[in-house]
Amino acid sequence: MYDGIVQDLIDEFGRLPGIGPKSAQRIAFHILQTPNFDVSHLSQLLGEVREKVRFCEVCGNVTEQDRCSICRDTRRHATLICVVEDAKDVAAIERTREFKGLYHVLGGAISPIAGVGPDDLRIAQLMQRLADGTVQEVILATNPNLEGEATATYLSRLLTTLEIRVTRLASGLPVGGDLEYADEVTLGRAFEGRRIV
Ligand SMILES: [Zn+2]
């Protein structure tokens, strides 16, 4: 435990996801002990991110404009939509360079325990995107855990009413884990080996 604002800083870092007390302390002391650490740049960035970054009106990915760079890219295949839970998953899949279609970010997964139902996710927006018949395949790339599977099952049932190929990423992804932590090769293979559901 430290005095005053040093402890406040450590506590604040400790509130961030994935940062335990030791890491929080390490970051705080890095800032304190590095004379040329650009504090004003960091605080400016934090402010700008909060101010400028929003969610793409089409797919829900993070962007600084109305539409994200992927939705604006005319070279992407508009016939293919990959459904993910989170904008972090878009980044993970983009790193594989395996996928050339568009995305749809749900904003979470169905979880009765956490009180998240289908209406809390961007499912209505997905159905809207599919309505004009452009999309021929929907890839369900929700996380390979309980909530992700429940969400994929829900969506695959919902999508049977449409004449669209619905696929799920191949197994081989670490079960119970998050897509964002899968390595690029594994994730790339899961795309190649996706199966119809
Ligand atoms: Zn977008």
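Quick look at the values:
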quantity: Out of ILE81, ILE5, ILE19, sole residue that is touching a Phe, Trp or Tyr at 6+ places or on another chain (Cβ under 9 Å) and surrounded by fewer than 18 Cβ atoms within 10 Å (Cβ to Cβ); calculated: ILE19
quantity: In the range 41-81, the residues that are more than 12 Å from the ligand (Cβ to nearest atom), polar (S, T, N, Q) and over 19 Å from VAL138 (Cα atoms); calculated: SER43, GLN44
quantity: Scope the range 131-175; condition within 21 Å of ASP86 (Cα to Cα), part of a loop (DSSP other than H, G, I, E, B), β-branched (Val, Ile, Thr) and assigned by TED's automatic domain parsing to the domain that holds HIS77; matching residues; calculated: VAL135, THR142
quantity: Contacts under 6 angstrom Cβ, first residue in the range 54-74 being in a strand (DSSP E or B), partner modelled with pLDDT of 95 or more and near the ligand (Cβ under 6 Å from one of its atoms), 6 or more apart; calculated: THR63/CYS56
quantity: Pair list, Cβ < 6 Å and 6+ apart or interchain, from the range 37-50 residues that are in the same structural domain as LEU16 (by TED's automatic domain parsing) to residues that are surrounded by 11 or more Cβ atoms within 10 Å (Cβ to Cβ) and not in a loop (DSSP other than H, G, I, E, B); calculated: PHE37/ILE31
quantity: Qualifying residue in the range 97-104 (condition: crowded, with 18+ Cβ neighbours inside 10 Å, on the phi < 0 side of the Ramachandran plot and aliphatic (A, V, I, L, M)); calculated: yes
quantity: Any hit, the range 105-119, residues being touching a residue at least 40 places away in the same chain (Cβ under 8 Å), part of a strand (DSSP E or B) and either within 24 Å of ARG67 (Cβ to Cβ) or not β-branched (Val, Ile, Thr) (or both); calculated: yes
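The values are calculated or read from the model by the stated rules, or taken from the named source; none is laboratory data. Quick caveat, the model's predicted, so the values are computed rather than measured. Here the Cβ is made from the backbone with ideal geometry for all residues, glycine too, and neighbour counts use every protein chain on show.
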